[in-house]
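So the structure is just underneath, and the comments pick up after that.
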Amino acid sequence: GRRALGVERWGQRRIAYVGHWLAPALVTLDADDSTIKVRDPGFRGRPPHTPNTVQCPSCAAPQAVADERTVQLVCSSCTSVLGIDATAARVLRAKQGAPRQLVLGLDEEVKWKGERYRVLARMLWSEEDSEDTAAFYLYSPRQAPLWIECYDGEWVLFRDTHIQPEKDPFNNSRLSTGDGRSWSRLEGGTSRLSYVDGALPWLLSVGDRSEYVTFSGQNNQLLDVERRAGERECALAERLDSATLARMFDKPVAAASPSAGTGGDRAPLGALIAGAVLCLVWCCVLHVYAISAGRDIHRESFSAAALETEAWTEAFELTHSETVLGLTFSAGQLDNTWVMVDWGLVREGDLTVHVDNTDVEYYHGVEGGESWSEGSRSETAYLLVPEPGNYKLVLHAGSGAGEATAPDGNQEPLTVTVRADALPTTWSWGGIVASIIVAVILMILWKKREADE
């Protein structure tokens, strides 16, 4: 006869089906080969579905049941959640609050590839630190149902598919499906249902969680896999641009740019990287300015022996009040050693203005064939001198080698440079380091997102 048995194998799965042979003249395809039309007197078409009406047990309001697969319905009058069984209804949960204002309303018409669908259910799915995703269940009495979602201006349409991944999609970043296509992971996470209304072909409650993962394939195709209550569902998806949305809806609906979800997502990241680089350049300019600011008003060198007791510099003059002094202590002969300098600023008349200490240390070596160094042979201390006048520095130093914790006399000669109107370089150094760290982190994120895409 005209019956046929077909067997397909996808990965480890095998599917068998029984069908009918059709004469070529009885089969036609639409323009994009997505819809098959069959003309054969031997086949009976699906009988037209007549919507049922049930009465809400809570408020007695009549409720139309358009889809014969409906098992859950939210009363449009009192918002009670009803369970639908044949033509009867029972209350599953009490009132869930006032209806939300979403971009699409219940029973609103949506056109897709020449077919008219109605919005039968609406949902809001929430994730931490992100906007809610609005999801709409689209019903047609002649076609399989569709899903359409909107997140941050981007619209995506989903169609359930029997295509299954050959690997666990929740634990692999790349995988293949039974039809031979390859997919790369885009994103994944867990979302929580925060709102639902309308009619659904399965039971769903506010607070339910759904784990999802989205993969990208060729020609901008998407594969979406969801896991909820132990069940896994797969859907093929495609992003919708402004022109497509205009054909689907009878009202203007905003759409994301065509690059949404790909390179466009990197635009804010690129702006942050550019900002970090500009900040780095600015901090480098400030650092050069800080180094060159001020003027040297005194320089004096001391032998190691002189510093074992109190050593005094020659007097130097500060001509105005609120002078910032930069005192640079240079020990040019440090070699895996350190020197601790105790110093004091004394105004004429033996009036001590400030007492402090500065450590200068420098270590170097070769490890693993590479040279390394730590510390510096000079350090600068800054202080604010409130009054003008003649001043001297009193110095005392002690040095040590390696990891010694206490000085053993002093073996390091020292040069002291006094700079007036100096500008500390601490903040510029901090800005340079922070800018480099931020730029590196942002570049890593950029490369990671680029690899994911």
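The values are calculated or read from the model by the stated rules, or taken from the named source; none is laboratory data. Remember, predicted model here, so these are calculated numbers, not experimental data. Virtual Cβ from ideal backbone geometry, glycine too; neighbours counted across all protein chains shown. Side chains are part of the model used for accessible areas, which takes the heavy atoms of the whole protein and leaves out ligands, DNA and RNA. Shrake-Rupley method; radii C 1.70, N 1.55, O 1.52, S 1.80 Å.
Can you give me the number of residues within the range 118-143 that are in a strand (DSSP E or B) and in contact (Cβ under 8 Å) with a residue 24 or more places away in the chain?
15
So, in the range 128-176, of the ones that are under 28 Å from the mean Cα position of the chain (by Cα) and β-branched (Val, Ile, Thr), which residue ends up least open to solvent (accessible area, probe 1.4 Å)?
Going through the qualifying residues, I end up with ILE148.
Pairs please, first residue from the range 216-233 and under 15 Å from ARG185 (Cβ atoms), second anywhere and open to solvent by 80 Å² or more (accessible area, probe 1.4 Å) and of a type outside the set (Val, Ile, Thr), Cβ atoms under 6 Å, 6+ apart in sequence or on different chains.
Pairs found: GLU226/GLU233.
For a quick check of your reading: which strands (runs of 3 or more DSSP E) sit entirely within the range 302-385 and have at least 2 residues that are open to solvent by less than 70 Å² (accessible area, probe 1.4 Å) and either β-branched (Val, Ile, Thr) or under 29 Å from SER292 (Cβ atoms) (or both)?
316-318, 323-330, 337-347, 351-367, 378-385
Which ones in the range 80-117 are within 17 Å of LEU245 (Cα to Cα), open to solvent by less than 80 Å² (accessible area, probe 1.4 Å) and either assigned to a loop (DSSP other than H, G, I, E, B) or at pLDDT below 70 (or both)?
Answer for the range 80-117, where residues must be within 17 Å of LEU245 (Cα to Cα), open to solvent by less than 80 Å² (accessible area, probe 1.4 Å) and either assigned to a loop (DSSP other than H, G, I, E, B) or at pLDDT below 70 (or both): LEU102, VAL103, LEU104, GLY105, GLU108.
Could you grab me the full set of residues in the range 399-437 that are open to solvent by 70 Å² or more (accessible area, probe 1.4 Å) and not in a loop (DSSP other than H, G, I, E, B)?
THR426, TRP427, TRP429, VAL433, ILE436, ILE437, listed by residue number.
Taking the range 292-301 as the region of interest, how many residues are among the aliphatic types (A, V, I, L, M) and either open to solvent by 40 Å² or more (accessible area, probe 1.4 Å) or over 24 Å from ASN390 (Cα atoms) (or both)?
Count: 1.
If the Cβ limit is 9 Å and pairs must be 6+ apart or interchain, which residue in the range 276-295 that is free of Cβ contacts under 8 Å to residues at least 60 places away in the same chain pairs with which residue that is assigned to a helix (DSSP H, G or I)?
Note: pairs meeting the criteria are LEU278/SER435; VAL281/SER435; VAL285/SER428; VAL288/SER428.
Can you list residue pairs whose Cβ atoms sit under 7 Å apart, with the first residue in the range 93-109 being closer than 15 Å to MET123 by Cβ and of a type in the set (S, T, N, Q) and the second being open to solvent by 60 Å² or more (accessible area, probe 1.4 Å) and modelled with pLDDT of 85 or more? Count only pairs 6 or more apart in sequence or on different chains.
Taking only residues 6 or more apart or on different chains, the pairs are GLN96/VAL206.
Suppose we keep only residues that are open to solvent by less than 80 Å² (accessible area, probe 1.4 Å) and farther than 15 Å from LEU92 by Cβ within the range 43-58. Which one would you say is modelled with the lowest pLDDT?
Ranking the qualifying residues of the range 43-58, first place goes to GLY45.
Right, TYR391: in a strand (DSSP E or B), touching a Lys or Arg at 6+ places or on another chain (Cβ under 9 Å), open to solvent by less than 20 Å² (accessible area, probe 1.4 Å) and over 17 Å from PRO424 (Cα atoms) or not?
Answer is yes for this residue.
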